[in-house]
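See structure below.
The values are calculated or read from the model by the stated rules, or taken from the named source; none is laboratory data. What you are looking at is a predicted structure, and each value in this text was computed from that prediction instead of being measured. Please note: Cβ atoms are built from the backbone with ideal geometry, for glycine as well, and neighbour counts cover all protein chains shown.
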């Protein structure tokens, strides 16, 4: 092979690798936009002391999901600050009474049986252990979901579950968590 | 809360009504398959009729939940089957299954079923689906797992549970037990005990001819099977 051929080949290889490196994640994952900006940090400082103040648990310990509009509207019936995001939120969601469609990063696949009762109430696992330090983040994380399965693979992977369960000597079987 | 779950089934009590099969299908989201035949249908528990020429008896057979040497575990190339060391339940992971059906060939109890079709529920019936059991897709094998969804719920509340078939049986022929606490009753037998599969499902009958099914290749199986055992 001539020098020219080698250069040609290596350039092509580098170009193909770069294209794959940059393009493949986009080809596999789809980004789900959040309905608006939201800062957990500001809310943690001004509105609540702990996660449970907004992210409620029911009486039996089960998790009630992402806070509904009522929880926001309690404070944000009228603008409290001067940000454009808040004005937009009140105009588009609070006044018409429309629930914002938050993109849930931690939603688990349908064949997973995850219970907040056993983990938070009985196992005393802290929110941050699995969800990370969301409370001090200034913006919502971008949510990417797999184009085929529709599930987010960025957080709460099975490996993380298995690692913690191994350390604590819990649930060695598939059906201990799957259904 | 380590338990070793098992079942005691009193064949003399079973009337063959099939309530257990219906309750199981409802609990575990087993779809009605209009095109299914006896060989291609899915039912995690099946009530077999056996007879000796004069009298009949009915034998409910589901996954017998073999011990550590479960034949289906050994043959699975996908590690889709495991025996839970904590509960003794033989679990099948349909998401891992590739549909080779080695396990169905290996299972001496014919307790495993293959999905020949994607599940379809008649209009309106999908609202009765159980959220604690994931529906299975076409091309995978499934079987009884002692109502794992109920076990999950029981773990949450710290309470007890019984599988749907046990709950539904009007004759109370099926009993769900922790084998650590209740040893199998006297005269009970297990199906094909000679194979050494160490199942956790125990049967009981006062009739001699019914007890012989323990040695046959399957309840009401090939004629003449098990005779060797009788002679010896």
Margin query: Quick test of your reading of the structure: residue A:108 fulfils all but one of (1) more than 13 Å from the chain's Cα centre (by Cα); (2) within 14 Å of chain B (Cβ to nearest Cβ); (3) more than 30 Å from residue B:68 (Cβ to Cβ); (4) surrounded by 15 or more Cβ atoms within 10 Å (Cβ to Cβ). Name the failing condition by number.
Written below: (1)
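Does residue A:76 satisfy being away from every other protein chain (no Cβ under 14 Å) and either at pLDDT 85 or above or touching a helix residue (DSSP H, G or I) at 6+ places or on another chain (Cβ under 9 Å) (or both)? Give the derivation first.
On the way: away from every other protein chain (no Cβ under 14 Å): yes; either at pLDDT 85 or above or touching a helix residue (DSSP H, G or I) at 6+ places or on another chain (Cβ under 9 Å) (or both): yes.
Yes; evaluated as a whole, the condition is true for this residue.
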Item checked: Residue tally, condition part of a loop (DSSP other than H, G, I, E, B), more than 17 Å from the chain's Cα centre (by Cα) and surrounded by fewer than 17 Cβ atoms within 10 Å (Cβ to Cβ), over the range B:189-206 -> 2
Notebook entry, point to check: Could you say whether any residue in the range A:116-134 is in contact (Cβ under 8 Å) with a residue 40 or more places away in the chain, more than 23 Å from residue B:149 (Cα to Cα) and either within 12 Å of the chain's Cα centre (by Cα) or within 14 Å of another protein chain (Cβ to nearest Cβ) (or both)?
Noted result: yes
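Looking at the structure I just gave you, is residue B:77 more than 14 Å from chain A (Cβ to nearest Cβ), part of a loop (DSSP other than H, G, I, E, B) and over 27 Å from residue B:162 (Cα atoms)? Spell out the reasoning first.
Numbers: more than 14 Å from chain A (Cβ to nearest Cβ): yes; part of a loop (DSSP other than H, G, I, E, B): yes; over 27 Å from residue B:162 (Cα atoms): yes.
Yes: the conditions hold for residue B:77.
Restricting the search to the range B:97-116, which residues are under 18 Å from residue B:133 (Cα atoms) and either away from chain A (no Cβ under 14 Å) or surrounded by fewer than 16 Cβ atoms within 10 Å (Cβ to Cβ) (or both)?
Going residue by residue through the range B:97-116, those that are under 18 Å from residue B:133 (Cα atoms) are B:97, B:112-115.
B:112, B:113, B:114, B:115, listed by residue number.
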Next item on the list: Go through the range B:46-74 residue by residue and tally those that are within 14 Å of chain A (Cβ to nearest Cβ) and within 15 Å of the chain's Cα centre (by Cα).
Entry: 4
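Looking at the range B:130-159 only, could you name the residues that are part of a loop (DSSP other than H, G, I, E, B), farther than 11 Å from residue B:5 by Cβ and either within 11 Å of chain A (Cβ to nearest Cβ) or in contact with a helix residue (DSSP H, G or I) (Cβ under 8 Å, 6 or more places away or on another chain) (or both)?
Here is the first cut: in the range B:130-159, the residues part of a loop (DSSP other than H, G, I, E, B) are B:130-140, B:144-147, B:158-159.
Among the residues that remain, those that are also farther than 11 Å from residue B:5 by Cβ are: B:130-140, B:144, B:158-159.
Across the range B:130-159, the qualifying residues are B:130, B:131, B:132, B:133, B:134, B:135, B:136, B:137, B:144, B:158.
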Notebook entry, point to check: Here is a list of conditions, (1) in contact (Cβ under 8 Å) with a residue 24 or more places away in the chain; (2) under 24 Å from residue A:106 (Cα atoms); (3) surrounded by 12 or more Cβ atoms within 10 Å (Cβ to Cβ), and residue A:60 meets all of them except one; can you say which number that is?
Noted result: (3)
